[in-house]
1. If I filter region 125-141 for residues that are crowded, with 19+ Cβ neighbours inside 10 Å, under 23 Å from residue 22 (Cβ atoms) and in contact with an Asp or Glu (Cβ under 7 Å, 6 or more places away or on another chain), do I get at least one hit?
2. Going by the structure shown, is residue 29 touching a helix residue (DSSP H, G or I) at 6+ places or on another chain (Cβ under 6 Å), buried (at least 19 other Cβ atoms within 10 Å of the Cβ), in the same structural domain as residue 12 (by TED's automatic domain parsing) and not small (Gly, Ala, Ser)?
3. Within region 234-259, can you find the residues that are more than 23 Å from the chain's Cα centre (by Cα) and either at pLDDT below 95 or assigned to a helix (DSSP H, G or I) (or both)?
4. Go through (1) crowded, with 17+ Cβ neighbours inside 10 Å; (2) outside the structural domain of residue 22 (by TED's automatic domain parsing); (3) modelled with pLDDT under 95 one by one and return the number of the condition residue 231 breaks.
5. Could you check region 234-248 and list, in sequence order, the residues that are buried (at least 22 other Cβ atoms within 10 Å of the Cβ) and closer than 15 Å to residue 35 by Cα?
6. If a residue has to be in contact with a helix residue (DSSP H, G or I) (Cβ under 8 Å, 6 or more places away or on another chain) and either free of Cβ contacts under 8 Å to residues at least 60 places away in the same chain or not aliphatic (A, V, I, L, M) (or both) to count, how many in region 105-130 make the cut?
Amino acid sequence: MISTTSFSTGGPRPPLLLVGHGTVDRTGVAEFTAFTERVRGLLADRGVDVGGGFIELALPTVHDVWRGLSARGHTTMAAVPLVLVAAGHAKGDIPAALARERHRDPRTDFVLGRPLGPHPVLLALLQERIEAVLGGWDPADVTVLLVGRGSTDPDANAEVCKVSRLLQEGRGYAGVETAFVSLARPDVPAGLARCRALGARRVVVVPYFLFDGVLPRRVVDQALAYGASPDGGEVEVRVAGYLGDCDELAGLVLERYVEALEGDIRMNCDTCVHRVLLPGFEEKLHAPQTPHHHPDDPAGHGHGNGHHGHGHG
């Protein structure tokens with residue numbers, strides 16, 4: 001966890017604004033809320049205000065939380081996106097949502113932290129989730145299938161593959177493969193079939209998600225269905241838990257918060273489709289960011305909790 005010395009100098013700190021994508025799943029919303037309270041508790045004795053909101057699909061919205069922080073006298077918000085990879089939400093939607101708030105209230109501004117992963121804290125948490133379901137299995141006999149959300153951004157999908165490789169290094173597993181539950185291949189059944197083709201007989205599937213929701217549960221359902229089907233053959237499949245609300249994750253968020261205030265934050269642009277020409281993504285080179293419509297945003301669309309069908313969990 002982050003050292004308290006990071007908060008020991010200077011005047012009052014800007015508030016920490018946790019920004020989530022949002023989910024239609026009540027459990028996922030409740031876990032986000034509980035995590036916000038955990039972070040608030042960690043910062044309670046350091047004079048840092050904390051708020052947490054969503055850009056769509058759930059309440060409270062970022063707009064609501066921003067207004068609340070502003071009403072308490074804050075003018076600069078330190079926003080940390082609660083996302084694991086730098087996909088479209090981190091690169092476009094979240095910055096756009098924050099920029100809208102700055103436009104609505106010109107007295108306010110923000111600094112933006114970077115996504116949470118990849119990070120050693122996340123790798124350690126993934127290992128803990130795997131070990132919790134191993135039972136009597138020898139790690140050397142276990143193949144791990146790490147399942148990410150999936151994205152139309154190849155750079156984001158590559159980050160999940162990087163996490164898989166980092167998870168394999170030095171942990172003694174037979175191997176670590178990668179799959180995605182939406183928008184990218186291989187999907188969960190194809191990922192398990194690959195593990196089987198490579199000789200795996202014991203597979204632990206790990207959902208690479210922060211909190212519960214539609215997509216993490218889809219990972220569980222598809223993994224267990226494959227293990228029980230004729231396609232699974234002699235492969236035994238167990239499913240580990242997602243990362244979840246915990247002190248280690250809260251410590252990583254605080255690290256990103258301090259980094260946003262004091263560090264040099266740069267996105268990885270070496271493989272970004274908006275900056276370099278990648279085969280199959282030529283139309284995105286230098287294309288303007290066009291964040292999709294957020295029905296929970298109050299700008300001319302009411303303030304309801306509507307949602308649209310682009311597959312977010």
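1. Within region 125-141, one or more residues are crowded, with 19+ Cβ neighbours inside 10 Å, under 23 Å from residue 22 (Cβ atoms) and in contact with an Asp or Glu (Cβ under 7 Å, 6 or more places away or on another chain).
2. So residue 29 does not fit the description; no.
3. 234
4. Among (1) crowded, with 17+ Cβ neighbours inside 10 Å; (2) outside the structural domain of residue 22 (by TED's automatic domain parsing); (3) modelled with pLDDT under 95, residue 231 violates only (1).
5. Scanning region 234-248 gives 242, 243.
6. Counting residues in region 105-130 that are in contact with a helix residue (DSSP H, G or I) (Cβ under 8 Å, 6 or more places away or on another chain) and either free of Cβ contacts under 8 Å to residues at least 60 places away in the same chain or not aliphatic (A, V, I, L, M) (or both) gives 13.
So that you can scan it fast, the table gives a plain yes or no per residue for (1) part of a loop (DSSP other than H, G, I, E, B); (2) at pLDDT 95 or above; (3) in the same structural domain as residue 234 (by TED's automatic domain parsing):
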position: 130; (1), (2), (3): no, yes, yes
position: 146; (1), (2), (3): no, yes, yes
position: 150; (1), (2), (3): yes, yes, yes
position: 156; (1), (2), (3): no, no, yes
position: 161; (1), (2), (3): no, yes, yes
position: 165; (1), (2), (3): no, yes, yes
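A quick yes/no check of all residues on (1) surrounded by fewer than 18 Cβ atoms within 10 Å (Cβ to Cβ); (2) assigned to a loop (DSSP other than H, G, I, E, B); (3) not assigned by TED's automatic domain parsing to the domain that holds residue 130:
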position	(1), (2), (3)
194	yes, no, no
200	no, yes, no
203	no, no, no
210	no, yes, no
216	no, no, no
221	yes, no, no
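The values are calculated or read from the model by the stated rules, or taken from the named source; none is laboratory data. All of these numbers come straight from a predicted model, not from anything done at the bench. A quick note on method: Cβ atoms are made from the backbone with ideal geometry, for glycine too, and the neighbour counts reach across all protein chains shown.
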